[in-house]
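Just below is one structure, and these are the notes that go with it.
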Amino acid sequence: MQRTLYGDDHEAYRSSVREFLDRHARAHVEQFIEDRAIPREIWIEAGKQDLLGLKVPEEFGGVGAGDYRFNAVLGEELSAVSAAFASCFGIHYDVCAPYLVELTTQEQKQRWLPGFCSGEIVTAIGMTEPSGGSDLAALTSTAVRDGDDWILNGAKTFITNGYSADLVIVAARTSPEKRAKGITLFAVEAGMQGFERGRKLDKVGQSESDTAELFFTDVRLPTEQVIGDVDRGFIHMMERLPQERLGSAISNLSHAAAILTETIQYAKERKAFGQQIGSFQHNKFLLADLVTRIEVTQAYVDQGVLAHNAGTLSAVDAAKAKWWSAQVQNDVLDHCVQLYGGYGYMNEYRVARAWRDARVTKIWAGSNEIMKELIGRDLGL
Ligand SMILES: Cc1cc2nc3c(=O)[nH]c(=O)nc-3n(C[C@H](O)[C@H](O)[C@H](O)COP(=O)(O)OP(=O)(O)OC[C@H]3O[C@@H](n4cnc5c(N)ncnc54)[C@H](O)[C@@H]3O)c2cc1C
């Protein structure tokens, strides 16, 4: 179905993103996987191409695009090349940006945003802890007042960009007796005494993204490191999670659609019993089914983008887009692997890697179960 979400400006932007990816990423993905890292030079190049500061006002080095469709274009193009690329960059320009633009003081903006846009300050967000991620209100890292400063103690895990980030937005408990209403966000910066990183975690997929454990031992944080309001951190996160989930949905679908297109081509070329494997009715119907699932889901997600632009995207609709797209992505990619036969199980084939890369989307940014919990609650259940 013809999508109507984008206009000429968005398509022109898409061309420039593709050009960037052609020049700096597409041909190097294998190397990134081997190195288990996206090199900092790519971030700097992305900064030069104005890809990182979409949300950031021009006075701080950004683009000041008030239109989320540009984020959507970027997410689509990155995930079509590499899911890990989309997640590392996405955490920065799509997830962390709203915190650093909307909740910060003028002084903080001046301190962080120019580097954020140029790729010199890579960011991460630490919500999840070793003891749990789904029940965010139960987090146990603490920040205790000491004069004008705060003393942070605790640990975070599974943090995207955690190994290389220069600035991590960390959620910590500041009022133990208040649960959700006692959490504050802090900017913890590389080099601060007591801030240490554990190993780069060995994941099932997305090997080129860096995912790490973070440890905080008596990290002294001046009050200028507080992001937003003291004790309102949980609300700050809840207000921004719908965008994170919509961004996930956009990437999930684009990632699956790119591999499905390649699989359809493969099904036209690969022969068995003297005919194209795609021409067997089973496979033809299967591919018809998968294309339909992608396109119908796309229509829902596109509507979510428009709603977000209009300021009307609800947390529940974002949850629906997030879990459903993750499920569709995983189902589609599993079938794609099957259609490739033995080659589908070989790491050198993109389809195999995509299948492994996709598995996490049903877990992170709120698992499918948590998304259904939100939707169920909205049904009054
Ligand atoms: C590669 C990767 C990158 C990540 N990046 C980040 C990041 O950048 N920042 C960050 O903060 N976190 C990040 N995460 C963490 C991610 O958001 C959490 O893993 C996720 O929220 C689930 O938390 P958990 O792993 O502690 O699982 P748990 O909360 O222990 O849940 C375990 C299982 O129980 C289920 N469950 C829990 N509660 C309920 C319930 N009420 N009803 C039904 N089922 C339930 C869950 O759905 C899950 O299946 C990342 C994770 C991965 C794997």
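The values are calculated or read from the model by the stated rules, or taken from the named source; none is laboratory data. Remember, it's a predicted structure, so these values are computed and weren't measured experimentally. Counting neighbours? That spans all protein chains shown, and the Cβs are built from the backbone with ideal geometry, glycine included.
Some points to look at:
- Residue under evaluation HIS335, criteria (1) away from the ligand (no atom under 16 Å from the Cβ); (2) assigned to a loop (DSSP other than H, G, I, E, B), criterion not met: (2)
- Members of the range 189-201 found to be at pLDDT 95 or above and under 20 Å from ASP357 (Cβ atoms), listed by number: LEU201
- Odd one out for SER82, checked against (1) modelled with pLDDT of 95 or more; (2) over 22 Å from ASP229 (Cα atoms); (3) of a type in the set (S, T, N, Q); (4) out of contact with any strand residue (DSSP E or B) (no Cβ under 8 Å at 6 or more places or on another chain): (1)
- Inter-residue pairs, beta-carbon under 8 Å, first among the charged types (D, E, K, R) and in the range 185-211, second loosely packed, with under 15 Cβ neighbours inside 10 Å, 6+ apart: GLU196/THR217; GLU208/ASP35
- Some residue of the range 164-173 being under 19 Å from the mean Cα position of the chain (by Cα) and among the charged types (D, E, K, R): yes
- Counting only residues that are under 20 Å from LEU100 (Cα atoms) and assigned to a strand (DSSP E or B), the range 153-189 holds 17 of them.
- Restricting the range 112-132 to residues that are in contact (Cβ under 8 Å) with a residue 60 or more places away in the chain and not aliphatic (A, V, I, L, M) leaves a set whose member that is farthest from ILE38 (Cα to Cα) is PRO130.
- Members of the range 7-39 that are farther than 21 Å from GLY75 by Cβ, assigned to a helix (DSSP H, G or I) and touching a residue at least 24 places away in the same chain (Cβ under 8 Å): ASP35
- Being buried (at least 19 other Cβ atoms within 10 Å of the Cβ), modelled with pLDDT of 95 or more and on the phi < 0 side of the Ramachandran plot holds for only one residue in THR223, THR211, THR217, and it is THR211.
- Taken residue by residue, the range 190-212 has at least one member that is within 14 Å of the ligand (Cβ to nearest atom), among the hydroxyl-bearing types (Ser, Thr, Tyr) and either touching a His at 6+ places or on another chain (Cβ under 8 Å) or not in a loop (DSSP other than H, G, I, E, B) (or both).
- GLY376 within 16 Å of the ligand (Cβ to nearest atom) and surrounded by fewer than 17 Cβ atoms within 10 Å (Cβ to Cβ): yes
- Pairing residues of the range 85-109 that are of a type in the set (Lys, Arg) with residues that are more than 14 Å from the ligand (Cβ to nearest atom), at Cβ distances under 7 Å and at least 6 apart in sequence or on separate chains, gives LYS109/PHE60.
- Of all the numbered requirements in (1) assigned by TED's automatic domain parsing to the domain that holds ARG179; (2) more than 8 Å from the ligand (Cβ to nearest atom), THR160 misses one, and that requirement is (2).
- Under the condition of being surrounded by fewer than 22 Cβ atoms within 10 Å (Cβ to Cβ) and β-branched (Val, Ile, Thr), the residues counted in the range 141-173 number 4.
- Between ALA288, ALA318, the distinction of being exposed (fewer than 13 other Cβ atoms within 10 Å of the Cβ), at pLDDT 95 or above and part of a helix (DSSP H, G or I) belongs to ALA288 only.
- One residue stands out in the range 338-357 among those that are crowded, with 17+ Cβ neighbours inside 10 Å and of a type outside the set (D, E, K, R): the one that is farthest from the ligand (Cβ to nearest atom), namely LEU339.
- Flag if GLU373 is among the charged types (D, E, K, R) and part of a helix (DSSP H, G or I): yes
- The residue pairs whose first member lies in the range 339-352 and is closer than 19 Å to SER254 by Cβ, whose second member is at pLDDT below 95, and whose beta carbons are closer than 9 Å, counting only pairs six or more residues apart or on different chains, are ARG350/VAL29.
- In the range 291-312, the residues that are within 21 Å of THR261 (Cβ to Cβ) and either loosely packed, with under 15 Cβ neighbours inside 10 Å or outside the structural domain of ALA256 (by TED's automatic domain parsing) (or both): THR292, GLU295, VAL296, ALA299
- Filter result for VAL360 (more than 12 Å from the ligand (Cβ to nearest atom) and in a helix (DSSP H, G or I)): no
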